[in-house]
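Only one structure is covered here, and it is reproduced in the block below.
The values are calculated or read from the model by the stated rules, or taken from the named source; none is laboratory data. Predicted, not measured: the structure shown is a model, and the values here were computed from it. Note that each Cβ is placed from the backbone with ideal geometry, even for glycine, and that neighbours are counted across all protein chains shown.
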Amino acid sequence: MTQMDDEIRALIADLYHDPEGFLRTPHQWFGGRSPDELMATEAGQFVLLKFLRGEDHMPPIEPDRDFKPYTTANADDCIDQAIARLEEQIEQLRSLKGSGPEIATVIGRAREVYGDEGLLWLLEYNQVLQTTPLDLVLQGKAERVLTQLGRIEHGVYA
């Protein structure tokens, strides 16, 4: 091993939780090549050393240190989570069937402001309202939701 090789391995060990995994994993920064491939040539070692020192690129930030490559299993988990969330939203929408005129008014206004997406807007967390609009409606606070829809319609977001 050369002195540059030792320095690269020391930097990787300091920066990454799984140094060997980092070395084996292809990276976008390196044109889809793995750091192991770069280690094979002196020019590649210079590129890698420059990257690790943060001279050419930003060094990895905390969330990137333990990055796990995307896999089919990861994607399947995400799909399952999305399906579960959608099923919850479907149940919330089903619960609105046959509701009173107050909910009908809110649904109508949401559709006026957002079109076909209005019902979905009722189910999404709203930063200004600090909850979902539907939760407020179900708590008997439909007026707050109607006020917010009016603000959105007129471009007032505060």
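Cβ-Cβ below 6 Å, separation at least six or inter-chain, first residue in the range 130-147 and in contact (Cβ under 8 Å) with a residue 12 or more places away in the chain, second not in a helix (DSSP H, G or I): which pairs? Filtered contacts from the range 130-147: PRO133/ASN126.
Yes or no: ASP5 part of a helix (DSSP H, G or I) and modelled with pLDDT under 90? Talk me through it step by step, then tell me what you get.
Numbers: part of a helix (DSSP H, G or I): yes; modelled with pLDDT under 90: yes.
Taking the combined requirement at face value, the residue satisfies it.
Across the range 15-45, the qualifying residues are those that are assigned to a helix (DSSP H, G or I) and free of Cβ contacts under 8 Å to residues at least 12 places away in the same chain, and the one among them that is surrounded by the most Cβ atoms within 10 Å (Cβ to Cβ) is LEU38.
If only residues of the range 112-140 that are over 17 Å from GLN92 (Cα atoms) and not hydroxyl-bearing (Ser, Thr, Tyr) are counted, the one that is nearest to the chain's Cα centre (by Cα) is GLN127.
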